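A.B. asks: Below is the structure I would like to discuss, written out as structure tokens.
Rule-based calculations on the coordinates, nothing more; no lab input. Predicted, not measured: the structure shown is a model, and the values here were computed from it. Cβ coordinates were reconstructed from backbone atoms using ideal geometry, including for glycine residues, and neighbour counts include every protein chain displayed.
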């Protein structure tokens, strides 16, 4: 097979071909992984494999293979296709395209952290503690999902086993920090996602080559470069796989979609609140409104206020006014008339408490006033 080399170092080489990314460990490594076979902590793995096992929707080839032949049959099939010994490999499966993989290295002194990440969050993003729909019993369970963040982290220096375990915590926090920066919503609750329900990882550090590092705490430079590499690789992978980048997340619906605010409901509500002429005018310019930076800023502030209210930070007696204030800011920003904020706040006091209706009322108010002469 003709492979593209993505990264090469004395201790490991990263290569890609088609639906596979392989990290070949040139020297013995301590590893920790979620692989179905050879997972957990080992010191005998030589290959870390990330495999696009299916397409994102309506493609059950892996599910069918596992259902008929068992989980290890999938592992064996992947290893056979790329010619690596199944007993020396950790395998991760995903629907993400390997061409969208992000490879990021960060170094300090003579220590390097290399992160290789594929990521997709559109159908399976979760927040830790979200309601679950599966329970494992003695009879087992089977389920196939298509949103996954797979992370391979290769360290250039020996690391003690406790510190290697700590890298997993730092790596996970870095992944969640990337999702927080993009305000990725959970698919199962109104919370911001912390990962997906099928995230996997492989972490490796050589067993020899100097004094082992003893701490991966974020207070250490080693912990810092782990966090930077994984966070940046996750952001880059999501940019390519899902088109998620900071500028895109200014959208009104990205900010408030987890509270039921979407284009269909907003347009439906505006049809009742605007004159026919103003509504037709709005539809011709809807994208400009929905992605207007100041509207997006107010929408994210409103979402944050709703979050704080939901988590009990605000007394119930204050919630209504706090939410209306943010909606008034949205209306004032859309109208490009910040001096009219007091009037907008007053007029929105009569609007519904339901976020979608309140936002729609604020948009109608702001749009109706934007081109009205003072």
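A.B. asks: How do the peptides 20-29, 38-47 rank, highest first, by the average count of neighbouring beta carbon atoms within 10 Å per residue?
C.D. replies: Output ranking for 20-29, 38-47: 20-29, 38-47.
A.B. asks: Also: Can you order the peptides 269-276, 332-339 by their average number of other Cβ atoms within 10 Å per residue, highest first?
C.D. replies: 332-339, 269-276
A.B. asks: Right, here's the next one. Apply 1/(1 + (r/R0)^6) to the Cβ-Cβ distance of residue 307 and residue 284, taking R0 = 51 Å, and write down the FRET efficiency to the nearest 0.05.
C.D. replies: After rounding, the FRET efficiency stands at 0.95.
A.B. asks: With the contact rule set at Cα under 8 Å and sequence spacing of 6 or more, what percent relative contact order holds for the chain?
C.D. replies: 14 percent
A.B. asks: Still on this model: Nearest 10 degrees is fine. How inclined is helix 293-310 to the longest principal axis of the chain, computing both from alpha carbons?
C.D. replies: The angle comes out at about 80 degrees.
A.B. asks: Taking only C-alpha pairs under 8 Å that are 6+ residues apart, what is the relative contact order of the range 250-370 in percent?
C.D. replies: This gives 32 percent for the range 250-370.
A.B. asks: Using packing as a proxy for protection, rank 162-170, 318-326, 221-229 so that the peptide with the highest average count of other Cβ atoms within 10 Å comes first.
C.D. replies: Result, highest mean Cβ count within 10 Å first: 221-229, 162-170, 318-326.
A.B. asks: Using only Cα atoms, tell me the angle between helix 316-335 and the longest principal axis of the chain; keep it within 0 to 90° and round to the nearest 10.
C.D. replies: The two axes meet at around 80 degrees.
A.B. asks: Where does the chain land at 222 nm, in deg cm²/dmol rounded to the nearest 500, when only DSSP H runs of n ≥ 4 count, each adding -39500 (n - 2.57), divided by all residues?
C.D. replies: Mean residue ellipticity at 222 nm (helix-derived): -13000 deg cm²/dmol.
A.B. asks: Of all DSSP beta bridges in the chain, what percent run antiparallel (nearest 5)?
C.D. replies: Percent antiparallel among DSSP bridges in the chain is about 75.
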